Each structure stands twice: as structure tokens, then as C-alpha cells.
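**Student:** I am attaching a structure below and will ask some questions about it afterwards.
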Amino acid sequence: MTLKINLNADIAEGFGAYDIGNDAELMSIIKSASVACGFHAGDPGTMHRLVMLAKKEGVSLGVHPGFNDLWGFGRRKIDMDPKDLELMVAYQIGALQAMARYAGLPVTHLKPHGALNNMAAIREDYALAIGRAIQTVNPAIIYVALAGSQMEKAARTLGLRLAREGFADRHYEDDGNLSPRSIPGTVYKDPAKALAQCMSMVRDGHLISRQGNRVAVEVETICLHGDEPTAVSVARHVRQGLEAAGCRVVTLPEMLN
């Protein structure tokens, strides 16, 4: 049986005159893009440019909602009422749906950003709030969730479509959560190291934690971060390595069909 996997990246994370990452090159490598919608980064012009590029490259589009935190790039933890969080996420889904209309593309998935993603991975109330926003706005949207997290549990509880996510370029802790970026070496810049972790998850169903232990993990999508200088070289090496191993790289909708 031929293996298949989705590769995703977070894009459109500039703002106004400022760009972060090389979106154009990444979009020729990945098959699904998670688009910042103006809260932690992004603006209408950037979003429009990226949805049009997604159409050209045959990439499926997803929402990348974050906390209302431009100053901290959405990486600062914010404690808020789950209902307010739900509405904040719904608002960002609507923003991308509007821009996606210009390209005639559907919004197919949602993946939380930064601190919101990390908090929802361990907080049931946050994970469910995100799920309820999806359920209300468009229940066909795929909930992209860190494998084994509260988000995965929320998607199953609410009956939502689910894609479990792994990270090629991030270290993990023994509990299956990502290691904090504040710890040196937890963001992989070596393409070979990222490919090795990716292949371990996709082919073997496990990874090795920062503590040196084996952690079981099942994934349908692999994230490649776009905000590092090494992002494109890492992403290209991962895709080439996957395909050389006989693994098909597909969009998220294709992955779940």
C-alpha cells in the first residue's frame, strides 16, 4: 500500500509593508496552507495575494487563527472566556472565506496559531471553543489538531473532520506536546534531521522526545514552519525525501478521502 501524507505550512504572516517568510517558494512545495487572518499577523492584501497563489499552485486553503496579538506575533498566552475565543475564531474563519471567494476556492481546514495552539492542546475549554466555531460556521472544515491533544479529543467529541498534525521541524516532550521555543535547539534547522523525524512519524508511527524516549504518534499532516531562514531548504528536503521513499504528498481533502 502506497503511503500518503499532507504537508502544510503557516503563511501570510506579514503585515502591511512587512513580510515574514518566503511564502511564494513554500507554496510550490506544500499542499495545504494555513493563512493568518489579521489577528496575530496578516491583512486583506496579504491574504488576497496568498489565496490567488494557492489557486495557481493547487494548494488547499485553511484558516490560521491566533490571539489578537500583533505585538507578540500571537505567541503570548492570553486567558479569555471560551465564548469570546469561539467568536474570535469564527470571525477569522469568515475573513478567509471572504478572501478565498476571489480565487473561487473553499476553506478546507483550520489550524490554530502559536500560543492559541499550545494552550488548546492542553485546555479542553479552548479546544472545544475552537471546535464550536468550526461547527457553527462550516462543519465541513477539517480541524487540524496536534496528535493526542485536547484538540483531537474536541474534534471527536463534536463529530468534526479531523487531521492529526505532526511537526517535522520541532522537538517534542515526553507528553507529546511541543518543546518550548525558548529551549535552544528545539526548532530544527537541519533538513536531514527534519526529514528523519518526519519519516519516523509517517512510516513508523513514533518519534523520539527531547528526553530521549519513544512517543507514539499517528498523523495525517506534517507542518513545516515558514518563519525561519532555513524554512524553504528544510521543506524542500522533506518533500523530496518523502517522495523518494514512495510517499505521495497530497492536499488535506485528498488525505482524508
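**Student:** Residue by residue through segment 197-221, note down the ones that are out of contact with any Phe, Trp or Tyr (no Cβ under 7 Å at 6 or more places or on another chain) and among the β-branched types (V, I, T).
**Tutor:** Result: V202, I208, V217, V219, T221.
**Student:** Identify the residue in segment 31-50 that is in contact with a helix residue (DSSP H, G or I) (Cβ under 7 Å, 6 or more places away or on another chain) and crowded, with 24+ Cβ neighbours inside 10 Å and, among all such residues, is nearest to I222 (Cα to Cα).
**Tutor:** S32
**Student:** Another question, if that's okay. When only residues in segment 224-249 that are more than 13 Å from I29 (Cβ to Cβ), among the charged types (D, E, K, R) and surrounded by 15 or more Cβ atoms within 10 Å (Cβ to Cβ) count, which is nearest to the chain's Cα centre (by Cα)?
**Tutor:** D227
**Student:** Using beta carbons and a limit of 6 Å, which pairs, at least six apart or on different chains, have the first residue in segment 40-61 and over 15 Å from T108 (Cα atoms) and the second one part of a strand (DSSP E or B) and small (G, A, S)?
**Tutor:** Going by the 6 Å Cβ cut-off, the qualifying pairs are G42/A36.
**Student:** Ok, one more. I'm told G72 meets every condition in (1) at pLDDT below 95; (2) part of a helix (DSSP H, G or I) except one. Can you identify the failing condition by its number?
**Tutor:** Exception for G72: condition (2).
**Student:** Going by what's in this entry, would T108 be described as outside any helix (DSSP H, G or I) and either at pLDDT below 95 or of a type in the set (S, T, Y) (or both)?
**Tutor:** When the stated conditions are applied, T108 passes them.
**Student:** When you scan segment 201-217, how many residues do you find that are assigned to a helix (DSSP H, G or I) and buried (at least 18 other Cβ atoms within 10 Å of the Cβ)?
**Tutor:** Residues that pass the stated criteria total 2.
**Student:** Here's a check for you: in segment 218-234, which residue that is among the aliphatic types (A, V, I, L, M) and in a loop (DSSP other than H, G, I, E, B) is farthest from E173 (Cα to Cα)?
**Tutor:** So the residue we want is L224.
**Student:** Any idea which residue in segment 1-46 is farthest from the chain's Cα centre (by Cα), counting only those that are in a strand (DSSP E or B) and of a type in the set (V, I, T)?
**Tutor:** By that ranking, first place goes to I5.
**Student:** Filter segment 211-250 down to residues that are closer than 21 Å to R164 by Cα and acidic (D, E), then give me how many there are.
**Tutor:** Summing the residues that are closer than 21 Å to R164 by Cα and acidic (D, E) in segment 211-250 gives 3.
**Student:** Mind listing whichever residues of segment 113-170 are in contact (Cβ under 8 Å) with a residue 60 or more places away in the chain and not hydrophobic (A, V, I, L, M, F, W, C)?
**Tutor:** H113, G114, N118, G148, R161, E165, D169
**Student:** From the residues in segment 17-30 that are out of contact with any Leu (no Cβ under 7 Å at 6 or more places or on another chain) and either of a type in the set (D, E) or crowded, with 24+ Cβ neighbours inside 10 Å (or both), which one is farthest from H109 (Cα to Cα)?
**Tutor:** D19
**Student:** I'd like the residue in segment 127-173 that is touching a strand residue (DSSP E or B) at 6+ places or on another chain (Cβ under 8 Å), outside any helix (DSSP H, G or I) and of a type in the set (D, E) and, out of all such residues, is nearest to E228 (Cα to Cα).
**Tutor:** Residue satisfying both the conditions and the ranking: D169.
**Student:** In this structure, does A192 turn out to be farther than 17 Å from H64 by Cβ and small (G, A, S)?
**Tutor:** Judged against the criteria, A192 is a match.
The values are calculated or read from the model by the stated rules, or taken from the named source; none is laboratory data. In this text the structure is predicted, and so the values were computed from the model without any measurement. As a convention, Cβ positions derive from the backbone with ideal geometry for all residues, glycine included, and neighbour counts pool all protein chains shown.
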